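Data first, discussion second: the structure below is written as structure tokens.
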Amino acid sequence: VSPDDARGRGLAVVWADDEAGQYARMEELLDSGELDACVTMHYAFPIGVSTVGRVVTPGRGREMFIATTTGTSGTDRVENMVKNAVYGIAAAKACGVSRPSVGILNVDGARQVERALRKLDGNGYAVRFAESARADGGAVMRGNDLLMGVPDVMVCDTLTGNLLMKVFSSFTTGGDYEASGYGYGPGVGEGYGRIIMILSRASGAPVVAGAIRYAADLARGDLKGVAEAEFAAARRAGWPRPGEAAGQQATGRQAAVEQAAVEAEASRLVSAGIASPAAKVVTHEIPGVDILQLEDAVTALWAAAIYAESGMGCTGPIVMVAQEDTEAAMRVLRERGYL
């Protein structure tokens with residue numbers, strides 16, 4: 001659209017000399033309140049701010065928020081994904097989803113993220129966990145759940161989220177033209193007040209239109225106010241404020257501290273030369289242990305004189321024990337922080 005065409009359609013035109021000037025003017029207009037939101041490409045968000053994408057899932061045509069898709073919420077994987085969950089909830093609520101369901105994509109760290117979110121939920125920050133469409137259920141989502149759009153908010157790390165945005169938006173076009181969805185979404189983070197929506201060079205006209213609509217939804221829904229309310233509620237439940245030291249609050253950061261303690265205990269058991277108890281026929285599967293902790297969990301059971309083996313079921317990693325040892329094994333795994 002040329003400047004003359006824009007004026008003819010009642011659109012304001014703001015001049016800038018170069019790309020840096022464009023971003024500077026954009027920020028000025030946002031901060032002054034003249035603009036409520038904007039859509040752009042390749043914007044450099046500060047650390048702690050990441051974007052919440054919005055897609056239309058192919059299985060059933062449901063909309064789903066992907067938290068997050070660009071930027072970075074921090075420097076620790078588990079803590080980042082816990083933050084991403086809160087960011088996604090805020091974006092969904094600002095778009096009118098009053099009680100968004102939350103699923104955690106089955107990637108590295110998913111079980112630790114689930115434990116951290118359930119701890120927040122138990123401390124008073126309400127999280128409505130989605131249930132996988134698979135027969136075994138649970139809040140950890142698989143590929144089926146992605147395609148069906150089971151949760152309102154799908155939590156993942158940013159690199160995975162970015163890949164998912166590419167797939168959902170351009171799987172019908174061969175990958176070089178994003179033809180559906182709402183783009184990579186707004187940057188969300190504590191203390192961040194701008195609604196800046198991200199597109200890519202491959203975003204086609206339908207996605208640009210979707211991003212503008214998404215921006216309007218967020219502006220009308222007061223994303224900044226909703227996000228700050230979510231952050232305040234999460235802080236009351238133990239989520240750390242920016243700059244707080246590790247371990248001060250029961251959140252993703254504390255989950256990382258607890259994980260370090262689990263790993264230290266596992267190293268101690270290995271150093272102690274824990275031997276396997278007498279082998280048994282193992283027929284009961286215990287899911288829910290993170291893949292990175294699987295062998296350590298087995299060693300912990302051996303130390304408790306419970307024979308166990310590691311395995312990989314169709315839904316992810318499993319610890320296998322004899323049927324009669326199930327209750328004792330579950331108790332040990334919970335006490336040691338593996339479940």
The range 274-335 pair-distance distribution - Cα-Cα, 10 Å bins, rounded %:
26, 62, 13
Using the Kirkwood formula over every pair of different C-alpha atoms, what hydrodynamic radius in Å results for the range 53-122?
12.9
If you wrap a convex hull around the alpha carbons of the range 1-137, what volume per residue comes out, as a whole number of Å³?
173
With springs only between Cα atoms under 10 Å, which of Tyr23, Tyr43, Tyr214 fluctuates most in a Gaussian network model of the chain?
Tyr23
Using the Cα centre as the reference, give the magnitude of the dipole from point charges on the C-beta atoms of the chain (Lys, Arg: +1; Asp, Glu: -1; all else neutral), rounded to the nearest 20 debye.
640
Let a ≥ b ≥ c be the square roots of the eigenvalues of the Cα gyration tensor of the range 124-211; is it rounded (a/c under 1.5), or, if not, prolate (a/b larger than b/c) or oblate?
oblate
Where Lys and Arg each count +1 and Asp and Glu each count -1, what net charge lies around Leu30 among other residues with Cβ under 10 Å from its Cβ?
-3
Say we join alpha carbon atoms closer than 10 Å with springs in a Gaussian network model of the chain; which of Glu285, Glu324, Glu309 then has the biggest fluctuation?
Glu324
Put a dot 7 Å past each Cα toward the Cβ at Glu34 and Leu147; how far apart are the dots in nm?
4.9
Over all distinct Cα pairs, what is the inverse of the mean 1/r for the range 183-241, reported as the Kirkwood hydrodynamic radius in Å?
12.7
Using amide H atoms built in the peptide plane, which far-off residues or other-chain residues are under 5 Å from Ser101 H to H?
Asp152, Val153
Among Ala278, Leu339, Gly193, pick out the residue whose Cα is farthest towards the positive end of the charge dipole of the chain, where Lys and Arg carry +1 and Asp and Glu carry -1 on C-beta, about the Cα centre.
Leu339
On a full-extension model of 0.36 nm per residue, what is the gain between Glu27 and Arg220, subtracting their alpha-carbon distance, rounded to one decimal in nm?
67.6 nm
Fluctuation leader among Ser200, Ser98, Ser32 - the chain, Gaussian network, Cα springs under 10 angstrom
Ser32
In the range 140-208, taking the dipole from +1 charges on Lys and Arg beta carbons and -1 charges on Asp and Glu beta carbons about the Cα centre, the listed residue (Thr172, Pro151, Gly161) farthest towards the positive end is Thr172
Report the label-to-label distance for Ala135 and Gln323 in nanometres (one decimal), using points 7 Å from each Cα along the Cα→Cβ vector.
1.7
Two-site FRET efficiency, Ala205 against Arg99, from Cβ-Cβ distance with R₀ of 41 Å, rounded to 0.05:
0.80
Simple SL model, points at 7 angstrom along Cα→Cβ for Arg331 and Leu159; separation in nm is 4.1
Residue-count net charge about Gly149 - beta-carbon cut-off 14 Å; Lys, Arg +1, Asp, Glu -1
0
Tell me, rounded to the nearest percent, the portion of alpha carbon pairs in the range 36-236 spaced more than 32 Å apart.
7
With only helices counted (DSSP H, runs n ≥ 4, each -39500 (n - 2.57)), the per-residue ellipticity at 222 nm for the chain, to the nearest 500, works out to -13000 deg cm²/dmol
Expressed in nm to one decimal, what extension gain is obtained for the pair Asp18 and Ser310 from 0.36 nm per residue of sequence separation less their Cα-Cα distance?
99.3 nm
Near Tyr125, within a Cβ-to-Cβ distance under 9 Å, what is the net charge of the other residues, with Lys and Arg +1 and Asp and Glu -1?
0
In debye to the nearest 20, the charge dipole size for the range 36-236, taken about the Cα centre with +1 at each Lys and Arg Cβ and -1 at each Asp and Glu Cβ, equals 220
Expressed in angstrom and ordered largest first, the alpha-carbon extents of the chain along the principal axes are 83, 43, 34
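Where a number appears in this text, it was derived from the coordinates with a stated rule and is not lab data. The structure displayed is predicted, hence computed values, not measured ones. Methodologically, a virtual Cβ is constructed for each residue, glycine included, from the backbone with ideal geometry; neighbour enumeration extends over all protein chains shown.
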